[in-house]
Amino acid sequence: LEPTLFRALEQGRPLSMEPRPIPPSIEDFLDSVWRRFGAHSADHLSRQLKAHPPYRDAWEKAPRAEIPLSAMRAFYGTRTSARQGAPELDNVLRPKVMRSHTGRPVSVSKWLPPAKPSGTKAED
């Protein structure tokens, strides 16, 4: 949807761009977004975004108007199902899937030690 970015990258990645390492938290976020939306074409995603209120409101103001960050935050930053057309945040940030020793995909979650029942003595 950003015409300047589209024009800059329409021929592919510029050769003069040096990649920089991405912090793990950002890489996890981007992987989650890719898992949720990577199967869709750019046209499909553009049609979906154009149906969302932040885009529609900016377009009604003036074609190619900037979408205010506050409008994006108000629409995409909530966890309510009242936002028609926007995916739930839990649908975007899916749990990380890893592979077992046999190659089978398995869901993983952070391990936490079991809660110690009250009234028991700690062993040294």
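The values are calculated or read from the model by the stated rules, or taken from the named source; none is laboratory data. Only a predicted model underlies this, so the values are computations on that prediction, with no experimental measurement involved. FYI the Cβ positions are ideal-geometry reconstructions off the backbone, even for glycines, and counts take in every protein chain you see. When the accessible area is computed, the model is the full protein with side chains, heavy atoms only, and any ligands, DNA or RNA have been set aside. Shrake-Rupley method; radii C 1.70, N 1.55, O 1.52, S 1.80 Å.
In the stretch 1-60, what count of residues is obtained for those that are closer than 30 Å to MET98 by Cβ, basic (Lys, Arg) and without any contact (Cβ under 8 Å) to a residue 12 or more places away in the chain?
Counting residues in the stretch 1-60 that are closer than 30 Å to MET98 by Cβ, basic (Lys, Arg) and without any contact (Cβ under 8 Å) to a residue 12 or more places away in the chain gives 2.
Please pick out the residue among SER16, SER81, SER107, SER41 that is of a type in the set (S, T, N, Q) and at pLDDT 80 or above.
SER41
Look at the stretch 19-36 and say how many of its residues are modelled with pLDDT of 85 or more and either in contact with a Ser or Thr (Cβ under 6 Å, 6 or more places away or on another chain) or open to solvent by less than 70 Å² (accessible area, probe 1.4 Å) (or both).
So the answer is 1.
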